[in-house]
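The values are calculated or read from the model by the stated rules, or taken from the named source; none is laboratory data. None of these values were measured; they are calculated from a predicted model. Don't worry about glycine lacking a Cβ; one is built from the backbone with ideal geometry, like all the others, and counts go over all protein chains shown. Just the protein is used for accessible areas: all its heavy atoms, side chains included, with ligands, DNA and RNA removed. Shrake-Rupley method; radii C 1.70, N 1.55, O 1.52, S 1.80 Å.
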Amino acid sequence: MTETVVSSTSKAALAAPAPVHEPDGPGGRGGPAGPGGPEGRLRALDGLRLVAALMVAVYHYAGRDGEVSRAWGTSPRLQFPTLHTFAAYGCLGVQVFFVISGFVICMSGWGRPLRSFAASRVSRLMPAYWAAVLLVTAVFALPPVVFEAVSPSDALVNLTLLQQPLGVDRVLGVCWTLWAEIRFYALFALCVVLPGASRRRVVVFCAGWTTAAAVAQATHEPLLDLVLMPAYAPFFVGGVGLYLVHRDRRDAYAWGIVAAGFLIGQHYAVRELSNVSDPNAFAHRTSLGVILVVALGFAAVGAIALGRPDRANRRWLTVAGTLTYPFYLVHEHLGWVVIRFLHRGLRVPSAATFALTLVSMLLLALLLNRFVEKPLSPRLRRALSRV
């Protein structure tokens, strides 16, 4: 990841994995997940997902330059003289997302046939994604909105979620993370779900992917880099390892997988996101700061895997989890529109505009979840499961 990877203008932005309480998903430890089961109600993980999404939103509103400066009228560095320094680390919320995704996808795919796994993933990702693409395209086409929209042809291609490999302009700046997630799903499905998930197979998958990703990095072969994602693989692998720890905290192999994921992951994060030596950087991220954020992400998921935050296992966190994905999809581009309207149109102070923009995007996410995800996702999953 480079400085521009988390921006809306990069060529390569979490997907948020589904809430961990999928009603149709199998439970761990060889049993089904009941309404109050340990696999079905890891609500703290839902809360952590929202925290990661808010980190990314804070980064997009106050931690970087670019299009958001047009919304504010000046650089966010001038709008938020202190906050911008810390907000610059918010881009690491993506790495936290990938760790969570490794945990959730391993749990979701355990004991599930390939068709059911694929139906679950597609029905989770696509309804809110289609709605977000159409909504952002429509809003950016309005005459009062000054931000450049993609062409109608490119907008239609975006509905396939294959815009990046096809070299098409993206409607959503954050959709690069969806492309990374899809590749992870495909690798996990082929190597683990298709032959049948087991501890040994998951361990071999993690070891094999880690080694192959290192080879891909060494050979600089574009195809291997595309498939194996050396910069992101350690975070997905670390999350998978944490799920094995969740199943058996005495599993030495699982702890080794987690350690390798963190050690290699922080290397890529530091290499591509620390920028102290760049005098033109919007805000300087130190190596130590990047390592600390990555470590806190691994530690937070690890604490949940070990069952530490039992007191945080509250039902409202499930609601937080359901808001995360639609919020993540719409917050950046539509956030620009809200910021411009409030700050430059209505002269609302910067701090109030910042808070109101976050709240408005959460309310929009609530509407998308209520009127798009809830009615459409189950229907799509059932239709795909019958094929």
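Observations
- One residue from 359, 337, 319 being within 15 Å of residue 132 (Cα to Cα) and surrounded by fewer than 22 Cβ atoms within 10 Å (Cβ to Cβ): 337
- Hits in segment 269-292 (condition: open to solvent by less than 20 Å² (accessible area, probe 1.4 Å) and under 27 Å from residue 216 (Cβ atoms)): 269, 273, 275, 285, 290
- Close pairs (8 angstrom Cβ cut-off, 6 or more residues apart or separate chains): farther than 17 Å from residue 83 by Cβ in segment 328-354, at pLDDT below 95 and of a type in the set (Ser, Thr, Tyr) anywhere: 332/8; 333/8
- Only one of 340, 285, 271, 311 that is closer than 20 Å to residue 63 by Cα, out of contact with any helix residue (DSSP H, G or I) (no Cβ under 7 Å at 6 or more places or on another chain) and either in a helix (DSSP H, G or I) or at pLDDT 95 or above (or both): 271
- Meets criteria (of a type in the set (A, V, I, L, M, F, W, C), in a helix (DSSP H, G or I) and out of contact with any His (no Cβ under 9 Å at 6 or more places or on another chain)) for residue 364: no
- Members of segment 225-249 found to be farther than 15 Å from residue 200 by Cα and either open to solvent by 70 Å² or more (accessible area, probe 1.4 Å) or small (Gly, Ala, Ser) (or both), listed by number: 225, 226, 231, 233, 238, 239, 249
- Scanning segment 288-307 for residues that are among the small types (Gly, Ala, Ser) and part of a helix (DSSP H, G or I) yields 289, 295, 297, 299, 300, 302, 303, 305.
- Inter-residue pairs, beta-carbon under 9 Å, first under 16 Å from residue 364 (Cβ atoms) and in segment 132-151, second acidic (Asp, Glu) and surrounded by fewer than 12 Cβ atoms within 10 Å (Cβ to Cβ), 6+ apart: 140/148
Rundown of residues vs (1) modelled with pLDDT of 95 or more; (2) under 18 Å from the mean Cα position of the chain (by Cα); (3) not β-branched (Val, Ile, Thr), yes/no style:
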| residue | (1), (2), (3) |
| --- | --- |
| 53 | yes, yes, yes |
| 56 | yes, yes, no |
| 60 | yes, yes, yes |
| 66 | no, no, yes |
| 80 | yes, no, yes |
| 87 | yes, yes, yes |
| 91 | yes, yes, yes |
| 95 | yes, yes, yes |
| 98 | yes, yes, yes |
